[in-house]
Amino acid sequence: MSARIAVPVFPGTNSEDETVRLLRDCGGDAELVHWSKAEELALYDAFVLSGGFAYEDRIRAGAIAAHDRIMDYVMEAARCGKLVFGVCNGAQILLEAGLVPGTGSGRKPTAAFAKNLPEPHFVCRHVYLKLSIEPSRSAITAALPHGALVPAWAAHAEGRLAAAPEHLKEIVEGDHLAFVYAHADGGVDDAAVPNGSALRCAGLVNREGNVLAIMPHPERDAWNFNHLDRREGADVLAPSGGAVLFRSFVQAVSATQASHPEPRPEGACRRTRASE
Amino acid sequence: MTERAISISLKIPDNTAYTALVALRRLGVDVARVERSEIWIFDDGGDVRALTRRIESDETIFNLHKHRLELLDRCAPRAGEVWIEPLCHPEERALRLRSGQAPRASRRAKDEGERIGIAWRLFGADGAPVSRGLLDMAAERLLCNPAIEKVTR
């Protein structure tokens, strides 16, 4: 049995289907887990929090979901070294929960994806994420080449990394800045940033490298039909650039699971048996 | 110039306030009711009635069919209430200046008013506003993200 990946569904999540589909296309054994069945999360080896508007973004984007029972499991699993990957609203939840950059204590967030600037509006724009850490810094990015460019769609109103200067310094010095916005040629400047994000940040990783949060959606640029420059005549379901990050994640999940062939006994730290 | 704080709340059921109530209870904050409102600061020009009429006719911030307007006695939270106000970090200030916008977070009332933040008012089972300690707990555990917001008590 291959490593099992859970895609938790909160009320208001809306990108779960394409997320599961891409994970499966990349060889992952992915399933949706409803918010009312949080206890089932103990059966999974890794977690992908997908985009949407969990709990309608009430109070703040990701604030209620960050305190949901689902996140109790996810946080415990992350503590045990399981891989957690959040996209868009999933990333907002991870920041609200304090899992990334993870420089605070407990569930205390030290950064947030705040309202876009200079225009505080929803942005829907094709972007490129440039890997700005050594690939091996995170298991999730380990299969990517150095400085990899990942095409994706930014679709958010609250995607601007915001934090106090001392916390931004921690992000830089702690090597938490996993992805920055870039142009198609890999160039990095403010014009590539769709939302005024501090440090041109598109994604953050925690200290241990097992939790990654990115704002844009690579899963929406994962097949030819939803790539920015649709290649005429090509198979509409041919893989597109956004799939590379998910493929790297699935490889990491499989590798992690293979390195723990015996299941741990209890709760969120339990791993599925490689031979099952 | 006379600064006047205005609270604009829903008179229809407030789903967000209810969600906050449920979440706060789950987080161990013992509250029985949560009220939420937007806080605006206006210059009333010495004529409160005129100000009230002006706000009630401004459909960008007030809908007569679903909103309730309340003039506060002073520009500060009431008993059992915290105001959650957005922080403006240096990065944001610089970005706003570069794009020709005025830096935010000045609390000077302007003609068009200024939205200060969200007020959360918490009540206990006895119907009375909750204590300062409980308010602090609610702000710390859920209502405020200290990375981007500050609490005014």
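The values are calculated or read from the model by the stated rules, or taken from the named source; none is laboratory data. The shown structure was predicted, so the numbers you read here are calculated from the model rather than taken from an experiment. We place every Cβ from the backbone using ideal geometry, glycine too, and count neighbours over all the protein chains shown. Only protein heavy atoms, including side chains, enter the accessible area calculation; ligands, DNA and RNA are left aside. Shrake-Rupley method; radii C 1.70, N 1.55, O 1.52, S 1.80 Å.
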Ratio for the range A:38-90, C-alpha Rg to 2.2 N^0.38 Å, reads 1.11
Among A:Gly106, A:Ile5, A:Phe225, which residue has its Cα positioned farthest towards the positive end of the charge dipole of the range A:4-269, with +1 placed on the Cβ of Lys and Arg, -1 on the Cβ of Asp and Glu, and the dipole taken about the Cα centre?
A:Gly106
Would you compute, from DSSP H runs of 4+ residues alone, the mean residue ellipticity of chain B at 222 nm, taking -39500 (n - 2.57) per run and dividing by the full residue count, rounded to the nearest 500?
-7000 deg cm²/dmol
Principal axes first, then extents: for the Cα atoms of the range B:1-129, list largest minus smallest coordinate on each axis, whole Å, largest first.
46, 39, 25
Mind checking which of A:Gly159, A:Gly28, A:Gly174 has the largest fluctuation in a GNM of chain A, springs on alpha carbons under 10 Å?
A:Gly174
Within 10 Å of each Cβ in peptide B:89-99, how many partner chain Cβ atoms are there on average? Round it to a whole number, please.
5
When the accessible area of the range A:4-269 is split by element with a 1.4 Å probe, what percent falls to carbon and sulfur?
53
Assuming 0.36 nm per residue, please report the length gained on full extension of the stretch B:Asp126 to B:Arg153 beyond their Cα-Cα distance.
7.6 nm
Report the convex hull volume per residue for the range A:4-269, counting only C-alpha atoms, in Å³.
115
Can you give the accessible area of B:Tyr18 in Å² (nearest 10), computed on protein heavy atoms with a 1.4 Å probe?
140
From the cross-link list A:Lys82/A:Lys115; A:Lys82/B:Lys150; A:Lys115/B:Lys66; A:Lys115/A:Lys169, the entries with a Cα-Cα span beyond 27 Å are A:Lys82/A:Lys115; A:Lys82/B:Lys150
Counting Lys and Arg as +1 and Asp and Glu as -1 over every other residue whose Cβ sits under 14 Å from the Cβ of A:Pro101, the net charge comes to -1
Using protein chains only and a probe of 1.4 angstrom, how many square angstrom of A:Lys169 are accessible, to the nearest 10?
120
Rounded to 5, percent antiparallel among DSSP beta bridges of the range A:4-269
60
Kindly provide the helix-only [θ] at 222 nm of chain A, computed as the sum of -39,500 (n - 2.57) over DSSP H runs of four or more divided by all residues, to the nearest 500 deg cm²/dmol?
-6000 deg cm²/dmol
Please check: in the Gaussian network model of chain A (C-alpha springs, under 10 Å), which one of A:Glu134, A:Glu166, A:Glu76 has the largest mean-square fluctuation.
A:Glu166
Need one value: the accessible area of B:Asp58 in square angstrom, 1.4 angstrom probe, rounded to the nearest 10.
50
Just to be sure I understand: of the beta bridges DSSP finds with both ends in the range A:1-129, what percent are antiparallel, rounded to 5?
10
In chain A, which Cys residues have no partner Cys with a Cβ closer than 4.7 Å?
A:Cys26, A:Cys88, A:Cys124, A:Cys201
Could you give the distance between the Cα centres of the range A:1-72 and the range A:85-149, to the whole Å?
17
How would B:Leu64, B:Leu21 line up by accessible area, probe 1.4 Å, largest first?
B:Leu64, B:Leu21
